[in-house]
Amino acid sequence: MTRIPPSVRILVADDHPMIRTALEALLRDTEYEIVGTAGSGDAALREVERLAPDMLLLDLQMPGGTGMDVLRRVRADRASPAGKSAMKVVLLTAAIDDSALLEAKSLKVQGIVLKNSDPAYLLECLDRARHGRTWIDPELAERSRKLARTRADGIRAPLAPRERQLIGFVRQGLRNRAIAEQLGVTEGTVKTYLHAIFEKLGVRTRTELAMRADEFLT
């Protein structure tokens, strides 16, 4: 008797009903089971907590907190004792800028798929992700390699508005708790933001970031 493998429980976070419907059709009769959907960043975080899915399929552009905000939060939560350490994250997006691409990789997403790609790419990405490997859309792969080479050559990638805001807070001498209150996030999320900024700018400490803030913000 052939053993049917257990299904992979997926939470879909996307504010477009047509995308959610298309994903349900694509994943029907596969080992992937959509156990919940969310149409905003805030709802995605609530559903992650409630459902504890195996995988989060995450859009970047959503109301109530962007996909990157959600990614930072779940990675920060993963670092805590109660974090959902086993949950894998795959970004499904219409577009991604250089800053977000670099940060997503630094936050160890398992995959990035463009919405205009062949649906087979998403299935391949999910298969890789479920087995602990990573997959990036071919359209993004070369750009990702160029960004990595740019970083290796000491050329800085552009900062996102939120990253510039955070550097400004560090320059003012604000601690993580105060920054978290200003941004409306947890201290763990602030730590995750800072880690991504350290990686992008090649700095090692908060003090170095504060001392060089003017250089980075010009």
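Bear in mind these aren't lab numbers, they're just calculated from the coordinates by the rules spelled out. Worth saying up front: this structure is predicted, and the values here are computed from it rather than measured. Heads up, the Cβs are rebuilt from the backbone with ideal geometry, glycines too, and the neighbour counts pull from every protein chain shown.
See the values below:
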| read-out | value |
| --- | --- |
| Distance (nanometres) between label positions extended 7 Å along Cα→Cβ at Asp42 and Glu124 | 3.9 |
| Test item: Cα-centred dipole of the chain, Lys/Arg +1 and Asp/Glu -1 on Cβ, debye | 840 |
| Ellipticity estimate at 222 nm from DSSP helix runs (n ≥ 4, -39,500 (n - 2.57)) divided over the chain, nearest 500 | -15500 deg cm²/dmol |
| Separation of alpha-carbon centers, the range 92-114 and the range 3-70, rounded to whole Å | 16 |
| FRET efficiency for Arg177 and Gln61, using Cβ-Cβ distance with R0 set to 35 Å, rounded to 0.05 | 0.75 |
| Amide H contacts under 5 Å for Tyr32, placed H, 5+ residues apart | Val8 |
| Helix axis angle, 41-51 relative to the chain longest principal axis, alpha carbon, degrees | 60 |
| Relative exposure of Asp59, Asp118, Asp77, Asp98, judged by other C-beta atoms within 10 Å (fewest first) | Asp118, Asp98, Asp77, Asp59 |
| Length added when fully stretched, Glu33-Lys146, from 0.36 nm per residue minus Cα-Cα | 37.1 nm |
| Charge context of His195, other residues only, Cβ under 12 angstrom, K/R +1, D/E -1 | +4 |
| Angle in degrees between helix 187-201 and the longest Cα principal axis of the chain, rounded to the nearest 10 | 70 |
| Segment Leu217-Arg9, length gained on full extension (0.36 nm per residue, minus Cα span) | 70.7 nm |
